[in-house]
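Just so you know, all these numbers are worked out from the coordinates, no wet-lab data involved. Computed from a prediction, not measured in an experiment: that's the story for all the values here. Every residue, glycine as well, gets a Cβ built from its backbone with ideal geometry; the counts of neighbours run over all protein chains shown.
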Amino acid sequence: MEAYKNVYSNGEVIVTYEPSRCIHAEACAKGLSSVFKTSVIPWIDLDGASSKKIIAQVKKCPSGALSCTKVKSRSFVKDIVI
Ligand code: SF4
């Protein structure tokens, strides 16, 4: 059975969040609060920082709940982002 994931994109990167893997250490919110928010829905706002900063922060997620991929084709993003 595939785990539920939330998918976000700013057109340059695609960030996925898998709630079942999150250990709520809040490393993301403490490290880049303009993107990863603890009290606002949607809690990931990819307009809050550059793609470079977002990628760097996602790499620090201790559980692997966050992951990201660089966008190669904008039409691909259009298909998956709701
Ligand atoms: S850094 Fe990863 S494990 Fe920690 S709160 Fe964010 S998503 Fe969850």
Give the residues of segment 1-21 that are near the ligand (Cβ under 8 Å from one of its atoms) and either under 12 Å from the mean Cα position of the chain (by Cα) or under 16 Å from K53 (Cβ atoms) (or both), sorted by residue number.
-> Y17
Selection within segment 27-72 - charged (D, E, K, R) and either free of Cβ contacts under 8 Å to residues at least 12 places away in the same chain or part of a loop (DSSP other than H, G, I, E, B) (or both) | K30, K37, D45, K52, K59, K60, K72
